[in-house]
Amino acid sequence: MSGKSTTGVSNEEFWRELGIDIEKHDELMKMLPVIYQNVYLTQANRPKNIAYFDNFIADIHGARPKEVFERKKRGDKVIGAFCAYFPEEVVLAAGAVPLILCGGADFPVADAEKILPRNTCPLIKSSFGFRTSKTCPYFLSADLLVGETTCGGKKKMYELLNEYTPTYTLHLPHKKDDAEARKLWLNEVKLFKNEIEEITGSRITYDKLKEAILRVNRKREVLRRLYNTRKASPPPISGKDVLLIMQLAFFDEVDRFVQKTEELINELEGRIKRGEGVFPKDAPRILVSGTPMTVPNWKLHDIIEKSGAVVVAEESCTGTRYFSELVEPDSGSVNIQLKNLAERYLHINCACFTPNAERPEDVVRLAKEYKADGVVYYVLQFCHEFNIEFAKVERALKEEGIPVIKIETDYSQSDTGQLKTRLETFIEILRASKVKPRGAVPAGKPLASVKVPVGAEIA
Ligand code: SF4
Ligand code: SF4
């Protein structure tokens, strides 16, 4: 690493210094603006404060990675992770930079498949592929990667990732209501604090942890406020735009992200007062529930919203599961702060837990809270946890008469036509049902059990 500042240095010079594979990276960077233009910049009536997030994406491998790299040159450590079970507060308290590095692109999957089996979840392949293909500046800046024992695929991938960048794995229990499991997890959080103190050379004090907890609480609170604006009818912002903001919450500097999101929310609250929205008032409202969607995975939202419905919330780790709980910062000692942190994280209802009765309850609650007309249950291919848990979520939704469709897909565009056909049919059914109260569905044909056939591709 040269001591030269990256300020004023061209992106290409910076990428070379990081060890990026320039040729491969050029291919990736050619695709992103085309996808972004088609998915995002074709939307009508976007709020003007979304410009900050558009600009972030336009230079996603430039401005922010340079800023992170500058911190690294000043001696701060960069800690990457792949899960909502990443106590980022601990990392911030040690003066390090936390980043969530889950891959959402199809591009590095081919590289990953040289080592990982093809029948592995795309999120795992894309994350691993970004490291092995040397096409992600965030990955190449990381001093330490943090994994967790959530699903089988991830924990085995982390062993291989450790051959490229030192990887520390948090042992997450499989049961959340068991006293021994809670003890184990609290101990893991304490060990993680020790690891971060060692790698950063910085002691995590009560005041530093309190400040970090408050900063992350503010980020989660601002996201909660953003989601609240979507409860309006019509919603003042598209689901796609909120998904983008959610995704960038994992990359951006915390305080700046909070400020920019607040500016946007102020604009959205003005729109709500004036009754302005981005979709007609009668557009079917969709809750998306399931596996996370990381940059640039915008496929499902794009299809739903181009089919005339609007996504009003995501029950996902790139959604409500990330921000729904805060941490009490002022608790008298570092040990109690760590206990509060551990407890907060164990309330994330990931499908990797057993039993996980809270998740179906959450999906139903959120569908009602956001006045969703239907739920699109999203599963990344080969994710057994979320796929199998669908049976329970579907049952809970059926009992409440809330229609649901399951979509299982990967990051490629090969099934876009087929998904479009299925989702358009589902949305049409929701639209038709909007004119009748839910109880008016004819007996023997409950909406919740509507099976939308896998149709022919639309030309
Ligand atoms: S879905 Fe589960 S494994 Fe994936 S990010 Fe969320 S908590 Fe982690
Ligand atoms: S989507 Fe499922 S299979 Fe993929 S990393 Fe998350 S829990 Fe594991």
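Residues checked against (1) at pLDDT below 95; (2) farther than 19 Å from residue 323 by Cα:
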residue: 352; (1), (2): no, no
residue: 363; (1), (2): no, no
residue: 371; (1), (2): no, yes
residue: 375; (1), (2): no, yes
residue: 397; (1), (2): no, yes
residue: 405; (1), (2): no, yes
residue: 416; (1), (2): no, yes
residue: 425; (1), (2): no, yes
residue: 439; (1), (2): yes, yes
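Can you pull out every residue in the range 131-154 that is away from ligand 2 (no atom under 14 Å from the Cβ) and farther than 18 Å from residue 67 by Cα?
131, 132, 133, 134, 145, 146
Return the residue satisfying two criteria in turn: it lies in the range 353-398 and is among the aromatic types (Phe, Trp, Tyr) and in contact with a strand residue (DSSP E or B) (Cβ under 6 Å, 6 or more places away or on another chain), and of such residues it is farthest from ligand 2 (Cβ to nearest atom).
370
Among the residues of the range 1-12, how many are surrounded by 12 or more Cβ atoms within 10 Å (Cβ to Cβ) and either at pLDDT 95 or above or among the aliphatic types (A, V, I, L, M) (or both)?
Residues in the range 1-12 being surrounded by 12 or more Cβ atoms within 10 Å (Cβ to Cβ) and either at pLDDT 95 or above or among the aliphatic types (A, V, I, L, M) (or both): 3 in total.
Please work out if residue 161 is buried (at least 21 other Cβ atoms within 10 Å of the Cβ), within 11 Å of ligand 2 (Cβ to nearest atom) and aliphatic (A, V, I, L, M).
No: the conditions fail for residue 161.
Based on what the data block shows, is residue 382 within 16 Å of ligand 1 (Cβ to nearest atom) and on the phi > 0 side of the Ramachandran plot?
So residue 382 passes the test.
Residue check, residue 51 against (1) among the small types (Gly, Ala, Ser); (2) in a loop (DSSP other than H, G, I, E, B); (3) surrounded by fewer than 20 Cβ atoms within 10 Å (Cβ to Cβ), all met but one. Which one?
Of the numbered conditions (1) among the small types (Gly, Ala, Ser); (2) in a loop (DSSP other than H, G, I, E, B); (3) surrounded by fewer than 20 Cβ atoms within 10 Å (Cβ to Cβ), the odd one out for residue 51 is (2).
How do the helices (runs of 4 or more DSSP H) wholly within the range 91-181 filter down when requiring 1 or more residues that are touching a His at 6+ places or on another chain (Cβ under 9 Å), away from ligand 1 (no atom under 16 Å from the Cβ) and in contact (Cβ under 8 Å) with a residue 24 or more places away in the chain: which remain?
So the answer is 137-141.
Only one of these is assigned to a helix (DSSP H, G or I), at pLDDT 95 or above, over 20 Å from residue 337 (Cα atoms) and touching an Asp or Glu at 6+ places or on another chain (Cβ under 7 Å): 258, 222. Name it.
Step by step, each of 258, 222 is checked, and only 222 is assigned to a helix (DSSP H, G or I), at pLDDT 95 or above, over 20 Å from residue 337 (Cα atoms) and touching an Asp or Glu at 6+ places or on another chain (Cβ under 7 Å).
Among the residues of the range 281-312 satisfying the criterion of being polar (S, T, N, Q) and within 16 Å of ligand 1 (Cβ to nearest atom), which is farthest from residue 351 (Cα to Cα)? Spell out how you get there, then give the answer.
Taking the range 281-312 and keeping what is polar (S, T, N, Q), we get 289, 291, 294, 297, 307.
From the residues that got through so far, the ones that are within 16 Å of ligand 1 (Cβ to nearest atom) too are 289, 291, 294, 297.
Values: 289: 11, 291: 9, 294: 18, 297: 20 Å.
Checked the range 281-312; the qualifying residue farthest from residue 351 (Cα to Cα) is 297.
Starting from the range 225-245, take each residue that is in a helix (DSSP H, G or I) and list its partners that are among the small types (Gly, Ala, Ser), counting only C-beta distances under 7 angstrom and pairs at least six apart or across chains.
Correct list of pairs: 227/313.
Only one of 272, 286 is β-branched (Val, Ile, Thr) and buried (at least 24 other Cβ atoms within 10 Å of the Cβ); which?
After applying the criteria, what remains is 286.
Quick one: count up the residues across the range 7-48 that are in contact with a Ser or Thr (Cβ under 8 Å, 6 or more places away or on another chain), under 26 Å from residue 164 (Cα atoms) and not in a helix (DSSP H, G or I).
Count: 2.
Just give me the residues in the range 134-147 being within 18 Å of residue 116 (Cα to Cα) and surrounded by 24 or more Cβ atoms within 10 Å (Cβ to Cβ), in sequence order.
Of everything in the range 134-147, those that are within 18 Å of residue 116 (Cα to Cα) and surrounded by 24 or more Cβ atoms within 10 Å (Cβ to Cβ) turn out to be 135, 147.
Among the residues of the range 200-223, are any of a type in the set (Phe, Trp, Tyr) and within 26 Å of residue 69 (Cβ to Cβ)?
In the first step, residues of the range 200-223 are kept if they are of a type in the set (Phe, Trp, Tyr); the result is 206.
Subset that is within 26 Å of residue 69 (Cβ to Cβ): none.
No, every residue in the range 200-223 fails to be of a type in the set (Phe, Trp, Tyr) and within 26 Å of residue 69 (Cβ to Cβ).
Can you name the residue in the range 385-407 that is within 15 Å of ligand 1 (Cβ to nearest atom) and acidic (Asp, Glu) and is also nearest to residue 117 (Cα to Cα) among such residues?
385
Where in the range 332-410 are there helices (runs of 4 or more DSSP H), lying wholly inside it, with at least 2 residues that are closer than 30 Å to residue 232 by Cβ, in contact with a helix residue (DSSP H, G or I) (Cβ under 8 Å, 6 or more places away or on another chain) and touching a residue at least 24 places away in the same chain (Cβ under 8 Å)?
Where helices (runs of 4 or more DSSP H) fall fully within the range 332-410 and carry at least 2 residues being closer than 30 Å to residue 232 by Cβ, in contact with a helix residue (DSSP H, G or I) (Cβ under 8 Å, 6 or more places away or on another chain) and touching a residue at least 24 places away in the same chain (Cβ under 8 Å), they are 358-369, 384-399.
The values are calculated or read from the model by the stated rules, or taken from the named source; none is laboratory data. Bear in mind that the values here come from a model prediction, so they are computed numbers and not experimental data. Backbone-built Cβ (ideal geometry, glycine too); neighbour counts: all protein chains shown.
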